[in-house]
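This report concerns only the one structure given below.
What follows is calculated from the coordinates using simple rules that are stated; it is not laboratory data. No experiment lies behind these values; they were computed from the predicted model shown. Cβ: placed from backbone, ideal geometry, glycine included. Neighbour counts: every protein chain shown.
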Amino acid sequence: MTGILIVLAFTVVIAVLLYYSRGEVPEQEKLVDIIDSLLPQTQCGQCGYPGCKPYADAIVHNHADINQCPPGGRNTIRQLADLLGGEIKPLNPAHGKAGPKRVAFIDEDICIGCVKCIKACPVDAIVGAPEQMHTVITLECTGCELCVAPCPVDCISMLVFVQGGRRVKLGPAMRTSS
Amino acid sequence: MNRELYPFPGGLQIPPHKELSNAKTSLITPLPDSIILPLQQHIGTPAVPLVKTGDKVLKGQIIARADGYVSVPVHASTSGKIIDIGNYTVPDPLGLKAPCIVIEPDGDDVWFEIKPTHDYASIDPKDLQDVIREAGIVGLGGAGFPAHVKLREGTESAVDTLIINAVECEPFISCDDRLIREKPGYIVNGTRMIRHAIQAKYCVIALEADMPEAYAALKELIDDDIDLIQLPVKYPQGGERQLIKVLTGMEVPSGGLPIHMGIVMHNAATAAAAYRAVIRGEPLISRYVTVSGEVNDPRNLQVLLGTPVKHCADQCGYEDKEGQAIILGGPMMGMYVNNMHMPVIKTTNCVLVTSTYNKSPEMPCIRCGQCVDVCPEKLLPQQLFWHAHAKNYDRLREYHLFDCIECGCCSFVCPSNIRLVQYYRKAKRQITQDEQTRSGADHARERFIARNARLAREEQTQNNELLAGSDIGELDKQAFIQAAVERTRAKRAQLGKQENSDDDQE
Ligand code: SF4
Ligand code: SF4
Ligand code: SF4
């Protein structure tokens, strides 16, 4: 019995020591930035907050769950769980489904130049002027889909993003003697 | 000349199996039914098509132009009609499709106009680079790095040593051996030409001791200007970093480039292709390919780029049998493919048919340490394996995953049959992809912040205007106009005075 007690006491002492030796808990704001750096920056709002930073903020201050970001998918959830010490859980289907990255494409023959999509784009990736056809700068598009709904003539579609004809880039192989 | 050699760490002696294919003269492969030319056959940006379906093209005509500096054009390898531009299976470890231009040969094999240059020494080294680039020359030994980029690196900094790599260390492959035996002049003159282009002080051609005929062929053509060096056989001696270590004793630091140490290395076949491009004006449209392993007539072929792999295998008596694997490249570093529909591209050096590949199930690592002993990069393969398995990417970096040259020595010796390299390749791919996503995300964040700032600014100006507007609305209009008139008058008066005073001064 005393043996167990001694072990218990030891554990408590060590736990307390460990706690203090951890040093300062990172300031909350720093944590928000770190979380923000792990989010995909699609700025789509599917998580229920108006952008990635607000979601990061909500995770820190309002105990928002870590599985609400569909564009980030499993990878982001895993990274958040690693960072915050929680468990890896599946994406909450209420917020949407994960999938390959898509980009918006404007059918320029149909576009009437209403500038509604330009106003909706969170990263200014659409160019055009009133009553001139608009177009998407593919490389700037985050695939948030926010421009799709406002279009009165339904000329915006989301296409799977394929870079240089390949979806994956291979790492450097052996340069045997190129 | 007897040179001191500096063996590299690790490495293996593996049965070379070169005798299967290296004794027979190479065959010129007959025209296939279709030529499939991927827009990307090199490291860098894919080429951009210049033709459309239905166009007639001639042999050697540029059908896709280079896009950006690290890119090279694609040439039609025979004359014929463009029948499609679309996605086709290409040599790819994941079996992916990629954009290709497909030519239906007309059988005439008519050349486009070509511009031979008879004397490379009269050409400015800089123009030489352009010729080599326009000819679509990339490294033919391995990854397909555009040759002109290395040449420019060479002209921009002082080059001490040019190494021409004729070390063909992978088992079964003998295409460079055959090329050297059949066209030693191209190799030697190509070497001299590259040396002229980068103004290298010393020049070395290195090959292994199991290529005595090639050695003799080169020896005959070489004066004292080039050092011809025979090395004891050891895998993977043909690796860029390994060969530099062997010849110079210097180690290319992690993340460094040979050029930083005054060294430029080109593959022997690349030198030959560059010479051909300059002297005969012929772009890179064909190459030597070894077809070996379990085929009836293993040998080397001269193949037009874009020829389906199956067509090449058929020339050598290939029969489809149960349990055979097809490998593009050698057994150590090649890629396993599921079918033979993909074309031969600039970097395809070998088609290997084998049923003796590693099929045994993987067992747990017993920490025997054999993989550590053979790693030529002095890495810790079993640690890398742990961390790759656990997807612990930070630790993988700490253990220098990106220094791994994917030589396969570790997989070869592992008694537990662990396909170690496959884990590393996968991890490298994932890390590269993650990095791209990350930098894309950082960029999007900046733009999001910039946009919010812009919106805030716009709102501010709008508010100001509104405020100003409401002031006007509440004033008596007459009084407002009156006030404006007064202001103008006052201003005029002031101006008048000023003018007067200006006059005074004059
Ligand atoms: S759901 Fe959209 S807005 Fe929310 S964190 Fe993910 S990418 Fe950002
Ligand atoms: S494959 Fe990589 S880790 Fe394995 S032996 Fe070769 S260099 Fe070392
Ligand atoms: S050779 Fe295989 S079993 Fe031995 S330490 Fe390396 S990974 Fe483990």
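Let's see if you can work this out: charge +1 on each Lys and Arg Cβ, -1 on each Asp and Glu Cβ, no other charges. What is the dipole magnitude of region B:18-288 about its Cα centre, in debye to the nearest 20? Intermediate results must be reported in sequence, preceding the final value.
Details: 26 positive and 35 negative charges, 60 e Å.
So the dipole magnitude of region B:18-288 works out to roughly 280 debye.
Mind listing which trypsin sites (Lys or Arg not before Pro) in region B:329-381 are in a DSSP loop and have 10 or fewer other Cβ atoms within 10 Å?
Answer by residue number: B:359, B:367.
Sort all Cα-Cα distances of chain B into consecutive 20 angstrom bins from zero, then give the percent of pairs in each bin up to the one containing the longest distance.
It works out to 20, 47, 16, 8, 8, 1, in whole percents.
Report, to one decimal in Å, the Kirkwood hydrodynamic radius for region B:360-506 based on all distinct Cα pairs.
Details: mean 1/r = 0.0445 Å⁻¹.
Result for region B:360-506 stands at 22.5 Å.
If amide hydrogens are placed 1.01 Å from N in the peptide plane, which non-local residues have theirs closer than 5 Å to the one on residue B:375?
Under 5 Å from the amide H of residue B:375: B:11.
Mean shadow of the protein assembly as shown, computed from the convex hull of its alpha carbons, in nm²?
Computing the convex hull of the Cα atoms and averaging its projections yields 51.5 nm².
Number of Lys pairs in region B:360-506 with C-alpha atoms less than 29 angstrom apart, excluding same-chain neighbours closer than eight positions?
Within region B:360-506, the lysine pair count is 6.
Using θ = phi - 60° and the Karplus curve 6.51 cos²θ - 1.76 cosθ + 1.60, what whole-Hz ³J(HN,Hα) does each residue of region B:351-368 get, with Gly and Pro shown as x?
So the Karplus estimates, Gly and Pro as x, are 10, 10, 10, 8, 10, 9, 7, 6, 10, 5, x, 6, 10, x, 5, 9, 6, 6 Hz.
So which GluC sites (Glu not before Pro) in region B:201-260 pass both tests, a DSSP loop state and at most 13 other Cβ atoms within 10 Å of the Cβ?
none
So what are the ³J(HN,Hα) numbers for region B:73-84, from phi and the Karplus equation (6.51, -1.76, 1.60; θ = phi - 60°), rounded to whole Hz, Gly and Pro as x?
Result, ordered by residue: x, 10, 10, 5, 8, 7, 7, x, 10, 6, 9, 6 Hz.
How big is the charge dipole of chain B about its Cα centre, in debye rounded to the nearest 20, if each Lys and Arg gets +1 on its Cβ and each Asp and Glu gets -1 on its Cβ?
Approximately 900 debye in magnitude.
Please label the shape of region B:289-354 as rounded, prolate or oblate, based on the square roots a ≥ b ≥ c of the eigenvalues of the alpha-carbon gyration tensor (a/c under 1.5 means rounded; beyond that, a/b larger than b/c means prolate, else oblate). Walk me through the numbers on the way to the answer.
Working: a/c = 1.41, a/b = 1.17, b/c = 1.20.
Here region B:289-354 falls in the rounded category.
Near residue B:81, which lysines are there with a Cα under 21 Å away, not counting those fewer than 8 places off in the same chain?
Reachable lysines: B:52, B:56, B:59.
Going through region B:67-124, which chymotrypsin sites (Phe, Trp or Tyr not before Pro) have at most 14 other Cβ atoms within 10 Å and a DSSP loop state?
Of the chymotrypsin sites (Phe, Trp or Tyr not before Pro), the ones in loops of region B:67-124 whose Cβ has at most 14 other Cβ atoms within 10 Å are B:69.
Hey, what did region A:84-138 get for relative contact order, percent, Cα under 8 Å, at least 6 apart? Provide the component values of the computation, followed by the final result.
On the way: 52 pairs, mean separation 17.3, N = 55.
RCO, region A:84-138: 32 percent.
Please order B:170, B:486, A:140 by the number of other Cβ within 10 Å, starting at the fewest.
B:486, A:140, B:170
Under a 5 Å amide H to amide H cut-off, with H placed in plane at 1.01 Å, what residues pair with residue A:102 once short-range neighbours are removed?
Result for residue A:102 returns A:161.
Which of the listed residues, B:441, B:455, B:481, is farthest toward the dipole's positive end in region B:360-506, when Lys, Arg count +1 and Asp, Glu count -1 at the beta-carbon?
B:441
From the phi of every residue in region B:326-336, what ³J(HN,Hα) in whole Hz does the Karplus formula 6.51 cos²θ - 1.76 cosθ + 1.60 yield, where θ is phi - 60° and glycine or proline is x?
10, 10, 8, x, x, x, 7, 10, x, 10, 7
Have a look at A:52, B:338, B:358 and report the one farthest towards the positive end of the charge dipole of the protein assembly as shown, computed about the Cα centre with Cβ charges (Lys/Arg +1, Asp/Glu -1).
Selected residue: B:358.
Would you pull out the residues with amide H under 5 Å of residue B:391's amide H, same chain only if 5 or more places away, H placed 1.01 Å from N?
none
Taking only C-alpha pairs under 8 Å that are 6+ residues apart, what is the relative contact order of chain B in percent?
17
Roughly how big is the protein assembly as shown's charge dipole about its Cα centre, with Cβ charges of +1 (Lys, Arg) and -1 (Asp, Glu), in debye to the nearest 20?
So the magnitude is around 1360 debye.
Quick check on the protein assembly as shown: helices-only [θ] at 222 nm, where DSSP H runs of length 4 and up contribute -39,500 (n - 2.57) each and the sum goes over total residues. Nearest 500, please.
On the way: 19 runs with 248 residues, N = 684.
After summing the helix terms and dividing by residue count, I get -11500 deg cm²/dmol.
Sort out for me the Cα centre separation of region B:189-221 from region B:32-61, rounded to whole Å.
32
Positive end of the charge dipole of chain B (Lys, Arg +1 and Asp, Glu -1 on Cβ, about the Cα centre): tell me which of B:125, B:393, B:218 has its Cα farthest that way.
Of the listed residues, the answer is B:393.
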